[in-house]
Amino acid sequence: MTLPIARAEAEPLILVVDDDRRVRELLEIAFTAHGYRVITASDGEEAVRRALAERPDLVVLDVRLPKRSGLEVCESLRADAIGAQIPIVLVSAAAENETRLQGFNRGADDYLVKPFSPRELLARVKRLLARTRDLRTARERLNEVESALVRANEDSRRAQLEAERARELRDLAIRLGSDLHCTRDLDALAERLLRAVQAQIASPAMALLMRDGDGLVPYAVRGDQFDRAAGLGVAAGGELARMLAALARPAYRHQLERLSELEPELRAFAAARFDLLIPVRGEHGLEALVALEDLGAHGPPTRAALESLEALCGIAAIAVAHAVRDRATAVLSVQFAAGPAAPAAHEAADILARAVRFVPLPPRFESMVRVAVRMGRREPAAAAALFEQISALDATGFVRDLAALACRATAPPLEAAGEGVSEFEHAAALIAIGWRIAESRAQGVSLEQAASRARSESASLTLALGRAIDEAIARAPEDTVVDTLRAFTERA
């Protein structure tokens, strides 16, 4: 078997420039005999054109040439980026020092006086080519060293950035971890979480959805009114919940919409113009979800910002889970201390809690209205004593806020107000109306009549509250029976 012969590097290419055909032929024979490749030119313009087009390894250049002299050719080549690298040997019949100096000043590497020995010319050509190879090798090594230095600098800068990023994330975890985990008040936690998110990305508006029995529901907003987020929701067993829990990192809505099975659940987010979804995943799946407004006007978040958001929500997951659990414990504690509620109170509580959604008010008021209406109207002293027993053990602030709402609802009359009434006043008004409905229903009055009587007796009923109660009453026949039966089952 014959092994393939490695192809040697091409022999150097020499451009011979002389107006005398015999000289060109003589030099071509001499160079070819020693293994060089040769091209020729007979005038200065052709010499420049062939040198720049074919890039010879060396030029043997006569000084006296038609059209352009050898000195002019030498000067033109040295002014060009390609020609500047080509060694040039000037040959001339003039032996004066002035001519030599002009040649060297124009960029020639060597000078030979005619007549000359071909052997001498060959020796000088070999020397110049060897020097050129050495320079090229040194230049290549220098380029390699420079490239390696650039790569090393880039690696060092990247490592420094990664170290700084790790330090930032560690500081974020320490700072926000202590801030978020030091409170069990769900409202304060929601506010701190949204404020921390906005510190990473300057979104005009954002919404926080929290876990409840049926999935995630809107709980708080920042930068806008709550009604913008009122229609949002994530079903506990839905595809969107599973996808966000699996991702556990910020995701753009338009990317999720590419999956057809997620598109129906994302319509409400699209309608509300929330584009970036940040899951807060805990041990048992999604604990919360932060939705940010379309960021087109502000430009896409940086990778570092998205990493910070992912870390932030990971830190918040445990705090959110504990706060939600503690809020549920506080609700059960109040219900247990208040004792069993009458069926009419259950019915009214469910209706008025539903009305909270139609005002709309933040969901934190829904559980307060429901619990307060089920407790029924009580003497201020008795209510204060009840709340005082529990609030000392409640770290969430729920009992404190519930006591304030119940006290406001008990104090007659509530302020007559227009549509600019506060959320707190709205919730207190709903509690007072719920008490009146429950009391009328306990006397055998129909639900419609009880609601009408309660509304007529309320001095602070706004148009928004009236519409919300009407909507809740309209849905009561099909819903409240189920809720009442469930309440009695729980009691049993």
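The numbers here are math on the coordinates, done by the rules we state, and not lab data. If you're wondering where the values come from, they're calculated on a predicted model, not measured in any experiment. All Cβ positions, glycine included, derive from the backbone under ideal geometry; neighbour counts span all protein chains shown.
Using the Cα centre as the reference, give the magnitude of the dipole from point charges on the C-beta atoms of the stretch 13-137 (Lys, Arg: +1; Asp, Glu: -1; all else neutral), rounded to the nearest 20 debye.
Roughly 380 debye, rounded to the nearest 20.
So how do 359-367, 127-135 stack up, highest first, on mean other-Cβ count within 10 Å?
Per-residue mean Cβ counts within 10 Å order the peptides as 359-367, 127-135.
Return the sequence-ordered ³J(HN,Hα) values of the stretch 127-133 in whole Hz as given by the Karplus equation 6.51 cos²θ - 1.76 cosθ + 1.60 applied to θ = phi - 60°, using x for Gly and Pro.
Per-residue couplings from phi come out as 4, 5, 5, 5, 5, 5, 4 Hz.
For the residue pair residue 25 and residue 144, what label-to-label distance in nm results when each label sits 7 Å from Cα along the Cα-to-beta-carbon direction?
In this crude spin-label approximation the distance works out to 4.6 nm.
How do the peptides 202-212, 343-353 rank, highest first, by the average count of neighbouring beta carbon atoms within 10 Å per residue?
Per-residue Cβ counts within 10 Å, averaged per peptide and sorted highest first, yield 343-353, 202-212.
Using 7 Å Cα-to-Cβ label points, what is the residue 303/residue 93 separation (nm, one decimal)?
Taking the two extended label points, one gets 7.1 nm.
Remind me, relative contact order of the chain in percent, using alpha carbon pairs under 8 angstrom and six or more residues apart?
Rounded, it is 10 percent for the chain.
Please list, in order along the stretch 247-264, the HN-Hα scalar couplings obtained from phi with the Karplus expression 6.51 cos²θ - 1.76 cosθ + 1.60 (θ = phi - 60°), rounded to whole Hz, x for Gly and Pro.
In residue order, the calculated couplings are 5, 6, 8, x, 9, 7, 4, 5, 6, 5, 5, 5, 8, 4, 6, 8, 4, x Hz.
Taking the simple approach of a point 7 Å from Cα along Cα-to-Cβ for both residue 104 and residue 55, what is their distance in nm?
Label-label distance for residue 104 and residue 55, simple model: 3.0 nm.
By average Cβ neighbour count within 10 Å, what is the ranking of 188-201, 443-456 from highest down?
The peptides rank, most packed first, as 188-201, 443-456.
Quick one: putting +1 on the C-beta of Lys and Arg, -1 on the C-beta of Asp and Glu, what dipole do you get for the stretch 257-377 around its Cα centre, in Debye to the nearest 20?
Computed charge dipole of the stretch 257-377: roughly 600 debye.
Can you tell me, using C-alpha contacts under 8 Å and at least 6 residues apart, the relative contact order of the stretch 183-319 as a whole percent?
26
Once the Cα gyration tensor of the chain is diagonalised, what are the square roots of 5 times its eigenvalues, in whole Å and ordered largest first, as equivalent ellipsoid semi-axes?
Listed largest to smallest, the semi-axes of the chain are 94, 21, 20 Å.
Using unit Cβ charges (K, R positive; D, E negative) and no other charged atoms, how large, in debye to the nearest 20, is the dipole of the chain about its Cα centre?
My answer is approximately 900 debye.
Listing 369, 331 from the residue with the fewest other Cβ atoms within 10 Å to the one with the most, what is the order?
Placing the least packed residue first, the sequence is 331, 369.
Taking the dipole about the Cα centre of the stretch 183-319, with the C-beta of Lys and Arg at +1 and of Asp and Glu at -1, give me whichever of 306, 220, 280 is farthest to the positive side.
Ranked along the dipole, the leading option is 306.
Under 15 Å from a label point 7 Å along Cα→Cβ of residue 471: give me every residue in the stretch 194-235 with its amide N that close.
Label zone hits: 218, 226-233.
Normalised by the number of residues in the stretch 201-268, what is the relative contact order in percent for Cα pairs under 8 Å and 6+ residues apart?
It comes to 22 percent, rounded to a whole number.
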